[in-house]
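Input: a single structure, listed below in structure tokens.
The values are calculated or read from the model by the stated rules, or taken from the named source; none is laboratory data. In this text the structure is predicted, and so the values were computed from the model without any measurement. Using ideal geometry, Cβ is built from the backbone for each residue, glycine included, and neighbour counts are taken over all protein chains shown.
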Amino acid sequence: MKNYKAEEGNLVKSELIDLLGIKYPIFQGGMAWVADGDLAGAVSKAGGLGIIGGGNAPKEVVQKNIHRIKEMTNKPFGVNIMLLSPFVEDIVDLVIEEGVKVVTTGAGSPAKYMERFKEVGMFVIPVVPSVALARRMEKIGVDAVIAEGMEAGGHIGKLTTMTLVRQVVEAVSIPVVAAGGIADGAGVAAVFCLGAEAVQVGTRFVVARESNAHANYKQKILKAKDIDTVISGQHFSHAVRSLKNKLTRAFDEAEKAAFRQDNPDLTVFEEMGAGKLPASVIYGDVDNGSVMAGQIAGLISKEESVEEILVDLYEGAQKVIAKESQRWFG
Ligand code: TUI
């Protein structure tokens, strides 16, 4: 079995990876508060695609993170624009001003900004939770889509990675990046078998050595079991997956109460969510803060460097694919 260990250039044949100019077919998810310049810079430097999480951050904060990456490496990196952010227009201006090469988007459609992105030759790669949105995105000229299943942490859609990736791959002709529930080489191999050309990994990078997430947040992920995440807010607000704690129990109670009312006050959900991510990521309050994480958290048991994670994902996938090739072809 040939062992692909190229020193330079990409390691897996993929037009998308060639275009992006990265070595590993691995994106680090642009997680709000967690994916700062240090983490994304480390991932890009090591040959993956590091992505800064724009989240709800104002322009100056995202700019500082972009400058931090540029100090660390001249390799490609991305910025995730969370389309529900109050600062979305500023962030769109910023990525254009800073000459960012890749933009991923979450929680909506980037249609409004496409013309400006394309004018400067940026790669636009939206997260899609459905086939319908994937098709719409292909029509408006995006370069690839990220099919993110509901195993993922944070704001999620309704379909699983297995069903979403497979159906999106069949529906569009642009490259598909798979996300949601991938944290090791076997997961990477599995979604390549479904037709994905790259993966996006979030939760495993939260616990990377280079991640500035609070030690309590990392510990809660490292200790998590398979069944420890829950979805909050799905009936009255945005569905968000996070690790069970006091906050998710309060959300459950508020949901039950809202179900009993004819005209429930939905602003309580906004208020309950406000500031809850920095509470845990920055200040370490993992009881009252929001500890967003994917269902694969149960597989993640140690803190490692970004480089170790990338190599493990890549070589782990190679091993699984070689073993299966042996089984199927002898
Ligand atoms: O965006 C994410 N994950 C996130 S965003 C976030 S911050 C936040 N907090 C509370 C409420 C909302 C956001 C934490 N985690 N992942 C990408 C993603 N995008 N997941 C789902 C979607 C999505 C949903 C609907 C993308 C497009 C969409 O389109 C609706 C439409 O048809 O326009």
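Below is a table of values for the structure above.
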| quantity | calculated |
| --- | --- |
| Selection within the range 9-49 - within 17 Å of V127 (Cβ to Cβ) and among the small types (G, A, S) | G29, G30, A32, A35, A40 |
| Selection from the range 212-240 of residues that are among the polar types (S, T, N, Q) and within 16 Å of the ligand (Cβ to nearest atom) | T229, S232, Q234, S237 |
| Among the residues listed as A42, A35, the single one being buried (at least 24 other Cβ atoms within 10 Å of the Cβ), small (G, A, S), in contact with an Asp or Glu (Cβ under 7 Å, 6 or more places away or on another chain) and over 27 Å from S173 (Cα atoms) | A42 |
| Residues located in the range 104-127, provided they are among the hydrophobic types (A, V, I, L, M, F, W, C), surrounded by fewer than 22 Cβ atoms within 10 Å (Cβ to Cβ) and within 11 Å of the ligand (Cβ to nearest atom) | A107, A111 |
| Residues within the range 75-101 that are away from the ligand (no atom under 13 Å from the Cβ), touching a residue at least 24 places away in the same chain (Cβ under 8 Å) and in a loop (DSSP other than H, G, I, E, B), tallied | 5 |
| The one condition in (1) near the ligand (Cβ under 8 Å from one of its atoms); (2) free of Cβ contacts under 8 Å to residues at least 24 places away in the same chain; (3) among the small types (G, A, S) that G153 fails to fulfil | (2) |
| Enumeration of residues in the range 305-330 that are surrounded by fewer than 13 Cβ atoms within 10 Å (Cβ to Cβ) and either in contact with a Leu (Cβ under 6 Å, 6 or more places away or on another chain) or not in a helix (DSSP H, G or I) (or both) | G330 |
| Scan of the range 271-288 for residues that are assigned to a loop (DSSP other than H, G, I, E, B), in contact (Cβ under 8 Å) with a residue 60 or more places away in the chain and not acidic (D, E), ordered by number | I282, Y283, G284, V286 |
| Hits in the range 233-282 - residues which are over 22 Å from G54 (Cβ atoms), surrounded by 15 or more Cβ atoms within 10 Å (Cβ to Cβ) and at pLDDT 95 or above | L243, K244, N245, L247, T248 |
| Test: residue in the range 138-160 that is part of a helix (DSSP H, G or I), modelled with pLDDT of 95 or more and under 26 Å from T229 (Cα atoms) | no |
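Condition check ((1) touching a Ser or Thr at 6+ places or on another chain (Cβ under 7 Å); (2) assigned to a helix (DSSP H, G or I); (3) at pLDDT 95 or above) across all residues:
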position	(1), (2), (3)
K2	no, no, no
N10	no, no, no
I22	no, no, yes
M31	no, no, yes
L39	yes, yes, yes
A57	no, no, yes
I66	no, yes, yes
